[in-house]
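Written out below as C-alpha coordinates is the structure these notes cover.
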Amino acid sequence: MNIFIIGNGAREHSFAYAIAKSNHDVRIFSCNSNAGLSTISTNLTLDISDFNALKKLIIDKSIDMVLVGPESPLIDGITDLILNDQSLSNVKVIGPTKKGAQLEGSKEFAKEFMNKYKIPTASYRSFDASNINEAISFIKMNNPPYVLKADGPAAGKGVIIVDNEDEAIKNLEDMLLKSKFGKSSEKVVIEEFLDGIEMSCFVLFDGKNYKILPYAKDYKKIHEGDKGLNTGGMGSVSPVSFLDSKLKNRIKTEVIEPTIYGLLNEEINYVGFIFIGLINVNGQPKVIEYNVRMGDPETQVVLPRIKNDFVDILTACCNQTLDKINLEFDSQYLVNVVLASKGYPESYQKGYEITGLGDVRDSIVFHAGTVLENDKVLSNGGRVLSIVSKGKTMDEALNKSYENIDKINFSGKTYRRDIGFDL
Ligand code: AMP
Ligand code: GLY
(Lines give C-alpha, C1' and ligand atoms only; values in the text may rest on other atoms or scores of the structure.)
(Ligands and ions follow the chains in the order given, each with its own letter.)
Protein backbone atom coordinates (compact mmCIF):
# COMPACT_ATOMS: atom_id res chain seq x y z
CA MET A 1 0.00 0.00 0.00
CA ASN A 2 1.22 3.50 -0.81
CA ILE A 3 0.39 6.21 1.70
CA PHE A 4 0.98 9.87 0.99
CA ILE A 5 1.30 12.09 4.04
CA ILE A 6 0.54 15.76 3.49
CA GLY A 7 2.31 18.16 5.83
CA ASN A 8 5.92 18.34 6.96
CA GLY A 9 6.07 18.95 10.71
CA ALA A 10 6.70 16.77 13.75
CA ARG A 11 3.07 15.60 13.66
CA GLU A 12 3.62 14.20 10.18
CA HIS A 13 6.99 12.70 11.17
CA SER A 14 5.18 10.83 13.95
CA PHE A 15 2.50 9.66 11.51
CA ALA A 16 5.25 8.31 9.26
CA TYR A 17 7.05 6.70 12.22
CA ALA A 18 3.85 4.88 13.28
CA ILE A 19 3.16 3.77 9.70
CA ALA A 20 6.76 2.61 9.22
CA LYS A 21 6.39 0.30 12.25
CA SER A 22 3.40 -1.44 10.66
CA ASN A 23 3.49 -5.10 9.72
CA HIS A 24 1.87 -4.26 6.41
CA ASP A 25 3.89 -3.72 3.29
CA VAL A 26 3.64 0.06 3.07
CA ARG A 27 5.51 2.71 1.18
CA ILE A 28 5.35 6.21 2.60
CA PHE A 29 5.48 9.35 0.48
CA SER A 30 5.73 12.89 1.79
CA CYS A 31 6.37 16.29 0.29
CA ASN A 32 8.76 19.15 1.04
CA SER A 33 9.85 17.07 4.02
CA ASN A 34 12.01 17.92 6.99
CA ALA A 35 15.20 16.00 7.70
CA GLY A 36 13.42 13.41 9.86
CA LEU A 37 10.42 12.69 7.70
CA SER A 38 12.60 12.39 4.61
CA THR A 39 14.64 9.56 6.17
CA ILE A 40 11.58 7.30 6.46
CA SER A 41 9.59 8.35 3.42
CA THR A 42 10.07 9.17 -0.23
CA ASN A 43 10.29 12.93 -0.32
CA LEU A 44 8.60 14.63 -3.26
CA THR A 45 8.45 18.27 -4.22
CA LEU A 46 4.94 19.59 -4.49
CA ASP A 47 2.98 22.81 -4.19
CA ILE A 48 -0.02 21.56 -2.21
CA SER A 49 -2.27 24.29 -3.59
CA ASP A 50 -1.66 23.01 -7.14
CA PHE A 51 -4.31 20.31 -7.45
CA ASN A 52 -3.23 19.20 -10.92
CA ALA A 53 0.29 18.55 -9.65
CA LEU A 54 -1.11 16.66 -6.66
CA LYS A 55 -3.34 14.56 -8.91
CA LYS A 56 -0.44 13.70 -11.21
CA LEU A 57 1.63 12.67 -8.22
CA ILE A 58 -1.15 10.49 -6.80
CA ILE A 59 -1.49 8.72 -10.14
CA ASP A 60 2.25 8.46 -10.88
CA LYS A 61 3.06 7.02 -7.46
CA SER A 62 -0.06 4.79 -7.31
CA ILE A 63 -1.10 6.34 -4.02
CA ASP A 64 -3.81 4.37 -2.21
CA MET A 65 -4.34 6.63 0.77
CA VAL A 66 -3.79 10.33 1.44
CA LEU A 67 -3.36 11.27 5.10
CA VAL A 68 -3.77 15.00 5.58
CA GLY A 69 -1.83 16.45 8.54
CA PRO A 70 -2.56 20.21 8.67
CA GLU A 71 -5.89 22.01 8.49
CA SER A 72 -5.33 24.44 5.63
CA PRO A 73 -5.55 21.96 2.74
CA LEU A 74 -8.73 20.56 4.34
CA ILE A 75 -10.30 24.01 4.75
CA ASP A 76 -9.36 24.68 1.12
CA GLY A 77 -11.17 21.50 0.06
CA ILE A 78 -8.40 19.04 -0.85
CA THR A 79 -10.60 16.09 0.18
CA ASP A 80 -13.51 17.18 -2.01
CA LEU A 81 -11.17 17.59 -4.98
CA ILE A 82 -9.80 14.07 -4.61
CA LEU A 83 -13.18 12.44 -3.88
CA ASN A 84 -14.91 14.22 -6.77
CA ASP A 85 -12.28 13.31 -9.36
CA GLN A 86 -13.31 10.24 -11.38
CA SER A 87 -9.73 9.25 -12.12
CA LEU A 88 -8.94 9.12 -8.39
CA SER A 89 -11.96 7.06 -7.43
CA ASN A 90 -9.86 4.38 -5.68
CA VAL A 91 -7.95 6.82 -3.54
CA LYS A 92 -8.90 7.04 0.14
CA VAL A 93 -8.49 10.25 2.08
CA ILE A 94 -8.16 10.71 5.83
CA GLY A 95 -9.41 14.22 6.46
CA PRO A 96 -12.89 15.77 6.20
CA THR A 97 -14.48 17.52 3.26
CA LYS A 98 -14.60 21.31 3.08
CA LYS A 99 -17.93 21.50 4.88
CA GLY A 100 -16.65 19.40 7.79
CA ALA A 101 -13.44 21.43 7.88
CA GLN A 102 -15.58 24.49 8.63
CA LEU A 103 -15.62 23.24 12.22
CA GLU A 104 -12.07 24.59 12.34
CA GLY A 105 -12.27 27.08 9.46
CA SER A 106 -15.06 29.19 10.93
CA LYS A 107 -15.53 29.88 14.63
CA GLU A 108 -19.09 31.03 13.90
CA PHE A 109 -19.91 27.76 12.10
CA ALA A 110 -18.45 25.78 15.01
CA LYS A 111 -20.41 27.83 17.54
CA GLU A 112 -23.70 27.42 15.65
CA PHE A 113 -23.03 23.68 15.38
CA MET A 114 -22.39 23.43 19.12
CA ASN A 115 -25.51 25.40 19.97
CA LYS A 116 -27.66 23.36 17.62
CA TYR A 117 -26.47 20.07 19.11
CA LYS A 118 -26.38 21.38 22.70
CA ILE A 119 -22.65 20.83 23.09
CA PRO A 120 -21.36 22.78 26.11
CA THR A 121 -19.22 25.76 25.15
CA ALA A 122 -18.73 29.41 26.10
CA SER A 123 -21.72 31.64 25.38
CA TYR A 124 -21.03 33.99 22.49
CA ARG A 125 -22.23 36.48 19.93
CA SER A 126 -20.79 37.14 16.52
CA PHE A 127 -20.43 40.52 14.81
CA ASP A 128 -19.23 42.10 11.58
CA ALA A 129 -18.44 45.67 10.53
CA SER A 130 -22.12 46.45 9.96
CA ASN A 131 -22.99 46.02 13.64
CA ILE A 132 -19.75 47.06 15.29
CA ASN A 133 -21.60 49.47 17.59
CA GLU A 134 -23.58 46.56 18.98
CA ALA A 135 -20.31 44.70 19.47
CA ILE A 136 -18.87 47.63 21.42
CA SER A 137 -21.99 47.81 23.62
CA PHE A 138 -21.73 44.03 24.11
CA ILE A 139 -18.15 44.40 25.37
CA LYS A 140 -19.19 47.27 27.67
CA MET A 141 -22.06 45.23 29.07
CA ASN A 142 -19.80 42.27 29.94
CA ASN A 143 -17.02 41.80 32.45
CA PRO A 144 -13.34 41.09 31.77
CA PRO A 145 -11.48 39.08 30.64
CA TYR A 146 -12.78 39.67 27.11
CA VAL A 147 -12.32 36.88 24.56
CA LEU A 148 -12.32 37.98 20.90
CA LYS A 149 -11.88 35.47 18.10
CA ALA A 150 -11.37 36.09 14.40
CA ASP A 151 -13.95 33.92 12.64
CA GLY A 152 -11.56 32.46 10.08
CA PRO A 153 -8.20 30.70 10.31
CA ALA A 154 -5.37 32.91 11.56
CA ALA A 155 -2.44 30.54 12.13
CA GLY A 156 -3.25 30.19 15.83
CA LYS A 157 -3.06 33.94 16.41
CA GLY A 158 -6.72 34.86 15.96
CA VAL A 159 -7.75 34.62 19.62
CA ILE A 160 -7.29 37.73 21.74
CA ILE A 161 -7.88 37.68 25.50
CA VAL A 162 -7.55 41.00 27.32
CA ASP A 163 -8.57 42.39 30.71
CA ASN A 164 -8.92 45.99 29.68
CA GLU A 165 -12.17 47.18 28.07
CA ASP A 166 -10.49 49.85 25.90
CA GLU A 167 -7.95 47.33 24.67
CA ALA A 168 -10.77 44.91 23.79
CA ILE A 169 -12.56 47.62 21.79
CA LYS A 170 -9.31 48.64 20.06
CA ASN A 171 -8.68 45.01 19.04
CA LEU A 172 -12.26 44.64 17.87
CA GLU A 173 -11.90 47.72 15.65
CA ASP A 174 -8.56 46.52 14.31
CA MET A 175 -10.14 43.20 13.39
CA LEU A 176 -13.42 44.40 11.91
CA LEU A 177 -12.34 47.71 10.36
CA LYS A 178 -8.60 47.35 9.73
CA SER A 179 -8.40 43.70 8.63
CA LYS A 180 -6.06 42.74 11.47
CA PHE A 181 -6.28 39.10 10.32
CA GLY A 182 -7.27 39.84 6.72
CA LYS A 183 -10.48 38.21 5.55
CA SER A 184 -10.43 35.97 8.62
CA SER A 185 -11.45 38.86 10.87
CA GLU A 186 -14.34 40.16 8.76
CA LYS A 187 -16.42 38.48 11.43
CA VAL A 188 -15.53 38.34 15.10
CA VAL A 189 -16.89 36.03 17.77
CA ILE A 190 -16.94 37.53 21.27
CA GLU A 191 -17.35 34.90 23.93
CA GLU A 192 -17.51 34.23 27.63
CA PHE A 193 -14.15 33.63 29.33
CA LEU A 194 -13.86 30.09 30.65
CA ASP A 195 -11.67 29.46 33.65
CA GLY A 196 -10.24 25.98 34.04
CA ILE A 197 -7.60 23.52 32.90
CA GLU A 198 -7.38 22.63 29.20
CA MET A 199 -6.94 19.23 27.58
CA SER A 200 -7.01 17.78 24.09
CA CYS A 201 -9.42 15.05 23.06
CA PHE A 202 -8.89 13.11 19.83
CA VAL A 203 -11.53 11.11 18.03
CA LEU A 204 -11.11 9.12 14.84
CA PHE A 205 -14.32 8.96 12.82
CA ASP A 206 -14.90 6.74 9.79
CA GLY A 207 -18.21 8.38 8.86
CA LYS A 208 -20.14 5.75 10.81
CA ASN A 209 -18.12 4.57 13.80
CA TYR A 210 -15.71 6.43 16.01
CA LYS A 211 -12.86 5.67 18.38
CA ILE A 212 -11.55 7.87 21.16
CA LEU A 213 -7.76 8.08 21.13
CA PRO A 214 -5.60 8.84 24.19
CA TYR A 215 -6.12 12.26 25.74
CA ALA A 216 -3.22 14.69 25.91
CA LYS A 217 -2.35 18.11 27.22
CA ASP A 218 -0.27 20.65 25.39
CA TYR A 219 1.71 23.64 26.58
CA LYS A 220 1.09 26.53 24.21
CA LYS A 221 2.90 29.44 25.85
CA ILE A 222 6.51 30.17 25.03
CA HIS A 223 7.66 30.76 28.62
CA GLU A 224 7.69 28.57 31.71
CA GLY A 225 4.68 28.81 34.00
CA ASP A 226 2.49 29.27 30.90
CA LYS A 227 3.60 32.87 30.39
CA GLY A 228 4.24 34.89 27.26
CA LEU A 229 3.03 34.54 23.71
CA ASN A 230 1.09 31.62 22.30
CA THR A 231 3.10 29.24 20.13
CA GLY A 232 2.22 26.21 18.04
CA GLY A 233 2.96 24.22 21.23
CA MET A 234 6.12 23.82 23.33
CA GLY A 235 5.42 20.38 24.74
CA SER A 236 2.80 17.78 25.53
CA VAL A 237 2.01 14.88 27.81
CA SER A 238 -0.28 11.87 27.75
CA PRO A 239 -2.12 10.52 29.72
CA VAL A 240 -3.66 13.51 31.49
CA SER A 241 -3.58 12.68 35.20
CA PHE A 242 -6.62 14.67 36.35
CA LEU A 243 -8.92 13.06 33.80
CA ASP A 244 -10.89 10.52 35.81
CA SER A 245 -13.53 8.15 34.46
CA LYS A 246 -16.33 10.49 35.58
CA LEU A 247 -14.96 13.37 33.52
CA LYS A 248 -14.23 11.06 30.57
CA ASN A 249 -17.82 9.82 30.67
CA ARG A 250 -19.15 13.36 30.68
CA ILE A 251 -16.94 14.23 27.71
CA LYS A 252 -18.20 11.17 25.87
CA THR A 253 -21.90 11.76 26.46
CA GLU A 254 -22.01 15.57 26.49
CA VAL A 255 -19.43 16.37 23.82
CA ILE A 256 -18.32 13.45 21.62
CA GLU A 257 -21.67 11.72 21.06
CA PRO A 258 -23.55 14.92 20.15
CA THR A 259 -20.66 15.95 17.88
CA ILE A 260 -20.87 12.67 15.98
CA TYR A 261 -24.65 12.89 15.89
CA GLY A 262 -24.39 16.45 14.54
CA LEU A 263 -22.00 15.44 11.76
CA LEU A 264 -24.31 12.60 10.72
CA ASN A 265 -27.44 14.74 11.00
CA GLU A 266 -25.89 17.52 8.90
CA GLU A 267 -24.86 14.85 6.36
CA ILE A 268 -21.29 16.04 6.50
CA ASN A 269 -18.91 13.64 4.78
CA TYR A 270 -16.35 13.36 7.56
CA VAL A 271 -13.66 10.71 7.60
CA GLY A 272 -10.73 11.65 9.76
CA PHE A 273 -9.57 13.00 13.07
CA ILE A 274 -11.63 15.31 15.23
CA PHE A 275 -9.55 17.20 17.75
CA ILE A 276 -11.69 18.71 20.48
CA GLY A 277 -10.00 21.38 22.59
CA LEU A 278 -11.66 21.12 26.00
CA ILE A 279 -11.59 23.05 29.21
CA ASN A 280 -12.61 21.55 32.53
CA VAL A 281 -14.72 24.16 34.31
CA ASN A 282 -15.32 22.68 37.79
CA GLY A 283 -15.99 19.21 36.43
CA GLN A 284 -18.03 20.45 33.46
CA PRO A 285 -16.22 19.84 30.17
CA LYS A 286 -16.70 22.69 27.70
CA VAL A 287 -15.48 22.93 24.12
CA ILE A 288 -12.98 25.70 23.40
CA GLU A 289 -12.54 24.78 19.77
CA TYR A 290 -12.73 22.03 17.18
CA ASN A 291 -9.83 21.18 14.93
CA VAL A 292 -10.28 18.84 12.00
CA ARG A 293 -6.91 17.11 12.25
CA MET A 294 -4.56 15.76 14.89
CA GLY A 295 -2.80 18.19 17.21
CA ASP A 296 0.82 19.16 17.15
CA PRO A 297 2.63 18.63 19.59
CA GLU A 298 0.04 16.13 20.91
CA THR A 299 0.29 13.55 18.10
CA GLN A 300 3.89 12.91 19.11
CA VAL A 301 2.68 11.56 22.51
CA VAL A 302 -0.68 10.11 21.44
CA LEU A 303 0.44 7.78 18.63
CA PRO A 304 3.24 6.07 20.61
CA ARG A 305 0.62 5.09 23.22
CA ILE A 306 -1.49 3.21 20.68
CA LYS A 307 -0.45 -0.44 20.65
CA ASN A 308 -2.40 -1.44 17.52
CA ASP A 309 -0.87 -1.45 14.06
CA PHE A 310 -1.49 2.12 12.88
CA VAL A 311 -2.07 1.01 9.29
CA ASP A 312 -4.84 -1.33 10.50
CA ILE A 313 -6.48 1.66 12.14
CA LEU A 314 -6.15 3.91 9.08
CA THR A 315 -7.42 1.17 6.78
CA ALA A 316 -10.41 0.49 9.02
CA CYS A 317 -11.14 4.21 9.04
CA CYS A 318 -11.21 4.25 5.23
CA ASN A 319 -13.38 1.12 5.07
CA GLN A 320 -15.87 2.23 7.75
CA THR A 321 -14.93 -0.72 9.93
CA LEU A 322 -13.51 1.06 12.95
CA ASP A 323 -16.07 -0.82 15.05
CA LYS A 324 -14.06 -3.99 14.37
CA ILE A 325 -10.90 -2.51 15.88
CA ASN A 326 -10.19 -3.00 19.55
CA LEU A 327 -7.86 -0.17 20.47
CA GLU A 328 -5.23 -0.83 23.10
CA PHE A 329 -3.26 1.89 24.82
CA ASP A 330 0.04 1.83 26.68
CA SER A 331 -0.66 3.03 30.23
CA GLN A 332 2.82 4.53 30.61
CA TYR A 333 3.52 8.25 30.33
CA LEU A 334 4.64 9.81 27.08
CA VAL A 335 6.08 13.31 27.14
CA ASN A 336 7.26 15.64 24.43
CA VAL A 337 9.56 18.61 24.96
CA VAL A 338 9.84 20.90 21.95
CA LEU A 339 13.11 22.56 20.99
CA ALA A 340 12.53 25.88 19.27
CA SER A 341 14.63 28.61 17.69
CA LYS A 342 15.53 31.65 19.77
CA GLY A 343 12.97 34.41 19.15
CA TYR A 344 10.10 32.06 18.23
CA PRO A 345 7.09 32.67 17.97
CA GLU A 346 8.28 36.05 16.75
CA SER A 347 11.17 36.43 14.32
CA TYR A 348 14.05 33.96 14.55
CA GLN A 349 17.14 32.89 12.61
CA LYS A 350 17.45 29.52 10.93
CA GLY A 351 20.12 27.50 9.15
CA TYR A 352 22.07 26.51 12.28
CA GLU A 353 23.68 23.08 12.37
CA ILE A 354 22.07 20.66 14.82
CA THR A 355 24.56 18.32 16.50
CA GLY A 356 24.23 15.41 18.90
CA LEU A 357 21.20 13.74 17.30
CA GLY A 358 23.18 10.49 17.06
CA ASP A 359 23.84 10.50 20.82
CA VAL A 360 20.16 10.38 21.79
CA ARG A 361 19.27 7.26 23.81
CA ASP A 362 15.82 6.04 24.82
CA SER A 363 13.90 8.99 23.33
CA ILE A 364 12.41 9.49 19.88
CA VAL A 365 13.32 12.68 18.06
CA PHE A 366 10.58 13.90 15.74
CA HIS A 367 11.66 16.64 13.37
CA ALA A 368 9.67 19.79 12.64
CA GLY A 369 11.64 22.74 11.21
CA THR A 370 14.77 20.94 10.03
CA VAL A 371 16.40 20.40 6.66
CA LEU A 372 19.15 18.10 5.43
CA GLU A 373 21.92 19.92 3.57
CA ASN A 374 25.26 18.36 2.61
CA ASP A 375 24.70 15.57 5.16
CA LYS A 376 24.12 18.11 7.92
CA VAL A 377 20.84 18.65 9.74
CA LEU A 378 20.08 22.37 9.92
CA SER A 379 17.38 24.26 11.79
CA ASN A 380 14.75 25.48 9.38
CA GLY A 381 11.80 26.77 11.40
CA GLY A 382 10.43 28.11 14.67
CA ARG A 383 9.75 24.75 16.23
CA VAL A 384 12.70 22.53 15.38
CA LEU A 385 12.47 19.15 17.15
CA SER A 386 10.15 17.20 19.46
CA ILE A 387 11.97 15.08 22.04
CA VAL A 388 9.59 12.30 23.04
CA SER A 389 10.15 9.83 25.88
CA LYS A 390 8.27 7.17 27.77
CA GLY A 391 8.33 6.34 31.49
CA LYS A 392 6.39 4.66 34.27
CA THR A 393 5.94 8.12 35.76
CA MET A 394 5.78 11.49 34.04
CA ASP A 395 9.00 12.54 35.80
CA GLU A 396 10.88 9.49 34.58
CA ALA A 397 9.82 10.27 31.02
CA LEU A 398 10.65 13.96 31.39
CA ASN A 399 14.10 13.20 32.79
CA LYS A 400 14.89 11.13 29.69
CA SER A 401 13.82 13.95 27.38
CA TYR A 402 15.79 16.57 29.31
CA GLU A 403 18.92 14.34 29.45
CA ASN A 404 18.79 13.91 25.70
CA ILE A 405 18.12 17.61 25.17
CA ASP A 406 21.47 18.30 26.86
CA LYS A 407 23.15 16.27 24.11
CA ILE A 408 21.44 18.07 21.21
CA ASN A 409 22.80 21.46 20.33
CA PHE A 410 22.15 24.29 17.91
CA SER A 411 22.59 28.00 18.19
CA GLY A 412 19.65 29.56 20.03
CA LYS A 413 18.15 26.24 21.25
CA THR A 414 15.12 27.24 23.35
CA TYR A 415 12.79 25.04 25.38
CA ARG A 416 10.62 24.90 28.47
CA ARG A 417 11.96 23.06 31.49
CA ASP A 418 8.53 22.81 33.11
CA ILE A 419 6.46 20.63 30.77
CA GLY A 420 3.81 18.84 32.88
CA PHE A 421 4.31 21.31 35.76
CA ASP A 422 0.58 21.66 36.45
CA LEU A 423 -0.26 17.95 36.57
P1 AMP B 1 -8.47 28.61 20.12
O2 AMP B 1 -7.66 29.06 18.93
O3 AMP B 1 -9.93 28.82 20.00
O4 AMP B 1 -8.05 27.26 20.60
O5 AMP B 1 -7.97 29.53 21.33
C6 AMP B 1 -6.60 29.60 21.67
C7 AMP B 1 -6.46 29.56 23.17
O8 AMP B 1 -7.16 30.66 23.73
C9 AMP B 1 -7.09 28.34 23.80
O10 AMP B 1 -6.23 27.26 23.79
C11 AMP B 1 -7.36 28.85 25.20
O12 AMP B 1 -6.20 28.81 25.98
C13 AMP B 1 -7.72 30.28 24.97
N14 AMP B 1 -9.19 30.45 24.90
C15 AMP B 1 -9.97 30.39 23.81
N16 AMP B 1 -11.26 30.60 24.11
C17 AMP B 1 -11.31 30.80 25.44
C18 AMP B 1 -12.37 31.09 26.35
N19 AMP B 1 -13.64 31.21 25.97
N20 AMP B 1 -12.04 31.21 27.65
C21 AMP B 1 -10.76 31.11 28.07
N22 AMP B 1 -9.72 30.86 27.26
C23 AMP B 1 -9.98 30.71 25.96
N1 GLY C 1 -1.87 21.65 19.84
C2 GLY C 1 -2.71 22.58 19.26
C3 GLY C 1 -2.91 22.43 17.82
O4 GLY C 1 -2.44 21.52 17.19
O5 GLY C 1 -3.62 23.27 17.28
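At a glance:
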read-out: Cross-link pairs beyond the 18 Å C-alpha cut-off, checked among K227/K392; K107/K246; K98/K248; K111/K149; K21/K56; value: K227/K392; K107/K246; K98/K248; K21/K56
read-out: Calculated over the stretch 209-298: convex hull of Cα atoms, volume per residue (Å³); value: 112
read-out: Sequence of V338, V159, V26 when ordered by accessible area, the most exposed leading, probe 1.4 angstrom; value: V159, V26, V338
read-out: Ellipticity estimate at 222 nm from DSSP helix runs (n ≥ 4, -39,500 (n - 2.57)) divided over the chain, nearest 500; value: -7500 deg cm²/dmol
read-out: FRET E, pair A129, Q284, Förster distance 22 Å, beta-carbon r, rounded to 0.05; value: 0.05
read-out: Whole-percent carbon and sulfur share, accessible surface of the chain, 1.4 Å; value: 45
read-out: Stretch gain in nm, segment D166-D244, where the contour uses 0.36 nm per residue and the Cα spacing is subtracted; value: 24.0 nm
read-out: Net lengthening on full extension, I212/E373 (0.36 nm per residue, minus Cα-Cα); value: 54.0 nm
read-out: Whole-Hz ³J(HN,Hα) from phi, Karplus 6.51 cos²θ - 1.76 cosθ + 1.60, for the stretch 162-173, glycine and proline x; value: 9, 8, 9, 4, 4, 5, 4, 5, 4, 5, 4, 5
read-out: Within the stretch 82-128: Cβ-based charge dipole about Cα centre, in debye rounded to nearest 20 (Lys, Arg +1; Asp, Glu -1); value: 200
read-out: Estimated dipole of the stretch 346-423 in Debye, rounded to 20 [Cβ of Lys and Arg +1, of Asp and Glu -1, Cα centre]; value: 80
read-out: Mean Cβ count within 10 Å, highest first, over the residues of peptides 395-401, 197-203, 40-46; value: 197-203, 395-401, 40-46
read-out: Debye log10 I(q)/I(0) for the stretch 224-269, one point scatterer per Cα, at q = 0.26 Å⁻¹; value: -0.88
read-out: About the Cα centre, charge dipole magnitude for the chain (Lys/Arg +1, Asp/Glu -1 at Cβ), debye; value: 400
read-out: Area of K307 that stays accessible when all protein chains are in place (1.4 Å probe, Å², to 10); value: 130
read-out: Accessible area of the stretch 104-183 divided out per residue, in Å², using a probe of 1.4 angstrom; value: 52
read-out: Sequence of H223, H24 from largest to smallest accessible area, 1.4 Å probe; value: H223, H24
read-out: Percentage relative contact order, the chain, counting C-alpha pairs under 8 Å, at least six apart; value: 17
read-out: Column: log10 I(q)/I(0), Debye, Cα scatterers of the chain, q = 0.06 Å⁻¹; value: -0.24
read-out: 3J(HN,Hα) from dihedral phi, the stretch 324-334, Karplus parametrisation 6.51/-1.76/1.60, rounded to Hz, x for glycine, proline; value: 7, 9, 9, 6, 10, 10, 6, 7, 6, 8, 10
read-out: Backbone HN-Hα couplings from phi across the stretch 376-385 [Karplus 6.51/-1.76/1.60, Hz, Gly and Pro as x]; value: 10, 8, 10, 6, 8, x, x, 8, 9, 9
read-out: FRET efficiency for R361 and K61, using Cβ-Cβ distance with R0 set to 30 Å, rounded to 0.05; value: 0.25
read-out: Extension gain (nm, one decimal) between L44 and I136, 0.36 nm per residue minus Cα-Cα; value: 28.2 nm
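The values are calculated or read from the model by the stated rules, or taken from the named source; none is laboratory data. Quantities reported herein were computed from a predicted structural model and do not represent experimental measurements. Cβ atoms come from the backbone with ideal geometry, glycine included; neighbour counts cover every protein chain shown. Protein only, heavy atoms only, side chains kept; ligands, DNA and RNA dropped before computing areas. Shrake-Rupley method; radii C 1.70, N 1.55, O 1.52, S 1.80 Å.
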